[in-house]
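Reading through the structure tokens given below for one structure.
The values are calculated or read from the model by the stated rules, or taken from the named source; none is laboratory data. Keep in mind the model is a prediction, meaning the values are calculated, not measured. No Cβ is skipped: glycine too gets one built from the backbone with ideal geometry, and neighbour counts run over all protein chains shown. Keep in mind that these areas ignore ligands, DNA and RNA; they rest on the heavy atoms of the full protein, side chains included. Shrake-Rupley method; radii C 1.70, N 1.55, O 1.52, S 1.80 Å.
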Amino acid sequence: MKRVALTMLLCLPQWLAAQNPIIRDQFTADPTARVFNGRVYLYPSHDIVPPAGQRQDWFCMEDYHVFSSENLTDWTDHGVIVAQNKVPWVRPDSYSMWAPDCVYRNGKYYFYFPSAPKDGRGFGVGVAVADSPEGPFVPEPEPIKGISGIDPCVLQASDGNAYIFWGAGRCAKLKPNMKELADDTPKEKVKWGEREFEMYGVNCLSGLPNRQAEGPFAFEYNGNYYLTYPYVRENTEVLGYAMSKNPMGPYEYKGLIMAEHANGCWTNHHSIVNYKGQWYLFYHHNFFSPKDDKRRSVQIEKLFFNSDGTIREVKPTMRGVGVNKATERIEIDRFSEASADVSTAYVDTVDYKRGGLVSLPRKGSWMKYNDVDFSCITDGYLLVSVKAADNTEFCIREKSAKGKVVARFKLVVKPEEPAGGSAAMNRFRRDLRNQWLSQTAALDYTPTGITDLVITNEGDGELSVDWVQFKNRPKYFSPVTTAFAKPDKEGFIRRWMLLEPIDKPNSGNTVFTDSYLREHFNREYFKGQQTILPKDGQKVTAVFKQEQAPAGFGRGQAAPANPEVKTVKQTLTWHALDSENSNVKLFRFAEKWGSKVYGVLFWAVTVIDCPEDIPNVRLAVGSNSASMWWLDGEEVLLLSGDRRMVRDDCMSHRLTLKKGRNILRGAVINGPGMSDFCVRFLDEKGNPVRNIEIK
Ligand code: FUB
């Protein structure tokens with residue numbers, strides 16, 4: 001048994017399940033889907049590239065595989081069930097194992113298949129029998145007598161009889177043994193050009209649109225019999241259907257189920273099945289072999305009935321059916337709906353299996369991708385692969401082109417004016433339009449549950465998109481849920497009250513001298529700065545005077561001599577958090593809870609509860625950038641200068657952690673870089689102090 005998993009799909013590691021085509025490691029056509037034992041079983045033809053000596057431009061099939069799925073997304077290939085060289089009556093080098101069917105009756109599975117008989121012309125239809133839908137199937141020694149033709153389909157009607165359809169819509173009752181036509185099967189003389197044949201059964205498509213009809217698929221629903229079939233309306237096949245109150249007709253033509261394939265793929269062939277309350281159309285197309293329409297691939301769409309029992313026309317999509325997780329890389333060109341001006345193309349016109357791209361040519365163009373599951377996104381951002389003209393703006397919205405904005409992208413490239421003036425600039429812009437760029441955006445809004453995504457072109461340029469993918473940011477903090485925490489196994493203190501960052505513009509970290517830090521850390525930014533024991537969610541109002549950075553004040557520039565001073569007021573919240581890491585990532589904290597990440601000042605406080613006095617310990621701190629630390633209001637450590645975070649970078653003098661509560665405070669300042677800290681107490685031997693509780 002072989003699993004058709006994402007990773008082995010025709011060497012397409014990124015190819016997503018729950019999109020069309022559904023089987024990607026081999027060509028499949030003429031899909032008959034049946035529900036057995038709560039799973040969908042798929043019995044398709046198996047197109048192969050013709051071996052040398054075979055006609056290269058014709059169908060070529062030597063065997064059948066059966067596939068099954070519980071969710072229509074993940075398909076299991078159960079391997080070969082019938083092969084041309086294992087069927088006694090089939091010419092073993094005929095490569096003519098065309099469209100099959102399989103039904104269950106009285107404890108057995110009957111697999112019907114057409115092929116070229118050893119001793120005759122044209123096609124016969126054989127039966128192979130199994131105890132399980134996956135086989136092993138044992139072929140009958142002879143084909144069914146009376147059937148000359150292709151594409152068998154068996155309808156088990158509510159009148160208790162089984163009817164076999166084949167070829168251009170012929171139908172006959174089967175005996176209860178499912179292997180022979182009923183004794184009273186009618187016969188008629190049929191002319192084919194100059195020649196006359198005796199045909200068994202009745203022609204259910206007589207008088208209906210039936211040019212080059214084949215592949216009949218019959219089913220019963222709500223007291224109606226449906227005879228659905230491919231035929232040539234103009235130059236290539238459409239799927240049409242007719243309805244009747246009797247399995248053998250007369251049938252009345254009702255219209256199209258699916259129009260011609262837009263790319264000229266000549267055949268289509270299908271089946272219709274209800275699975276878990278939803279109707280589905282299985283059909284084929286030649287997506288993986290666009291220059292050869294005899295190598296096809298099975299696709300699925302949802303199918304709907306009107307209240308009068310007629311069938312709504314189905315549009316082929318590359319989206320197909322099934323749900324995608326938002327964290328999967330979604331090949332967005334396989335959309336479910338789009339504005340009329342949207343087009344698709346192959347990403348690589350040589351290697352088709354690299355998939356497709358979608359182009360949204362102008363402002364107002366949109367495309368929808370349905371059924372994306374966001375339950376996996378907690379703290380997400382969006383990654384897209386785009387080719388876009390300069391000045392492109394586009395959005396991912398929810399549900400419709402006017403829906404809520406999930407993320408917005410602006411692609412504005414401002415290169416230095418290249419030497420060569422505007423001609424060079426035009427070249428630059430053209431090249432830009434031809435480059436795939438990975439762009440990220442924060443989410444304005446995170447949808448919940450399963451929903452539809454819509455990409456809208458909202459700028460001035462053309463836009464092509466290859467894929468989109470939502471990702472969760474790594475988790476840096478979790479909310480405090482327990483009464484106390486222990487230091488981690490290396491003694492690092494991970495539980496902290498952190499105050500949202502105070503605005504403190506600095507052009508670089510080199511200004512962080514001892515005197516600068518003492519002056520700035522000892523300023524009062526908010527009331528109770530050195531005494532407060534805040535609660536989670538508690539707000540403080542920070543009011544302080546601040547030197548204003550002049551316009552254009554940037555990295556590495558010396559601070560101006562007489563800066564303008566203004567009063568700044570900020571309302572900030574304390575957050576009780578457990579850090580996921582031994583180094584507390586303040587930069588990530590600021591990304592999530594701050595209005596700025598650079599040029600800010602953080603306050604941290606935690607309570608260390610000791611079971612007894614612990615003398616002769618040292619506070620060991622590493623921080624990025626400079627920081628200052630106080631134990632019970634006493635300054636114990638200052639880390640100055642432009643520092644990287646290094647464990648135990650600085651040590652305090654000897655301290656005593658007293659029995660009961662000890663309050664440790666810290667302030668960390670950063671310039672234009674990252675910011676974090678790690679803190680622990682070490683005993684005289686340099687071992688981490690762990691017999692404390694952090695509250
Ligand atoms: O796959 C070979 C033939 O092409 C089928 O039997 C027809 O229905 C058409 O799909």
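The figures follow:
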| read-out | value |
| --- | --- |
| Hey, residue 365 open to solvent by less than 30 Å² (accessible area, probe 1.4 Å), touching an Asp or Glu at 6+ places or on another chain (Cβ under 8 Å), outside the structural domain of residue 286 (by TED's automatic domain parsing) and hydroxyl-bearing (Ser, Thr, Tyr) or not | yes |
| Evaluation of residue 252 against (1) closer than 27 Å to residue 38 by Cα; (2) open to solvent by 20 Å² or more (accessible area, probe 1.4 Å) (one fails), failing number | (1) |
| Residue match in the range 288-300 (condition: away from the ligand (no atom under 16 Å from the Cβ), open to solvent by less than 10 Å² (accessible area, probe 1.4 Å) and not polar (S, T, N, Q)) | yes |
| Boolean, residue 191 is in the same structural domain as residue 275 (by TED's automatic domain parsing), part of a loop (DSSP other than H, G, I, E, B), more than 15 Å from the ligand (Cβ to nearest atom) and basic (Lys, Arg) | no |
| Condition check for residue 282: within 26 Å of residue 450 (Cβ to Cβ), within 16 Å of the ligand (Cβ to nearest atom) and touching a helix residue (DSSP H, G or I) at 6+ places or on another chain (Cβ under 8 Å) | no |
| Residue match in the range 102-110 (condition: closer than 19 Å to residue 28 by Cα, at pLDDT 95 or above and not in a loop (DSSP other than H, G, I, E, B)) | yes |
| Test: residue in the range 306-319 that is among the acidic types (Asp, Glu), within 30 Å of residue 70 (Cβ to Cβ) and either surrounded by fewer than 16 Cβ atoms within 10 Å (Cβ to Cβ) or within 16 Å of the ligand (Cβ to nearest atom) (or both) | yes |
| Count of residues meeting criterion [under 22 Å from residue 215 (Cβ atoms) and in contact (Cβ under 8 Å) with a residue 24 or more places away in the chain] in the range 49-67 | 12 |
| Some residue of the range 658-665 being over 46 Å from the mean Cα position of the chain (by Cα), part of a loop (DSSP other than H, G, I, E, B) and at positive phi | no |
| Hey, residue 209 in contact with a Gly (Cβ under 7 Å, 6 or more places away or on another chain) and either open to solvent by 40 Å² or more (accessible area, probe 1.4 Å) or among the hydrophobic types (A, V, I, L, M, F, W, C) (or both) or not | yes |
| Filter result (open to solvent by less than 10 Å² (accessible area, probe 1.4 Å) and either over 25 Å from residue 161 (Cβ atoms) or within 16 Å of the ligand (Cβ to nearest atom) (or both)) within the range 85-115 | 87, 90, 97, 99, 100, 101, 102, 111, 112, 113, 114, 115 |
| When residues of the range 117-128 are limited to those that are open to solvent by less than 10 Å² (accessible area, probe 1.4 Å) and away from the ligand (no atom under 12 Å from the Cβ), the one farthest from the chain's Cα centre (by Cα) | 124 |
| Test: residue in the range 61-72 that is over 19 Å from the mean Cα position of the chain (by Cα), in a loop (DSSP other than H, G, I, E, B), surrounded by fewer than 17 Cβ atoms within 10 Å (Cβ to Cβ) and modelled with pLDDT of 95 or more | no |
| Matching residues in the range 146-159 - criterion: being more than 15 Å from the ligand (Cβ to nearest atom) and in contact with a Gly (Cβ under 9 Å, 6 or more places away or on another chain) | 146, 158 |
| Qualifying residue in the range 266-279 (condition: among the aromatic types (Phe, Trp, Tyr), within 14 Å of the ligand (Cβ to nearest atom) and open to solvent by 30 Å² or more (accessible area, probe 1.4 Å)) | yes |
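Yes/no matrix, rows are residues, columns are (1) in a strand (DSSP E or B); (2) over 24 Å from residue 267 (Cβ atoms); (3) outside the structural domain of residue 140 (by TED's automatic domain parsing):
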| residue | (1), (2), (3) |
| --- | --- |
| 35 | yes, yes, no |
| 48 | no, no, no |
| 82 | yes, no, no |
| 85 | no, yes, no |
| 99 | no, no, no |
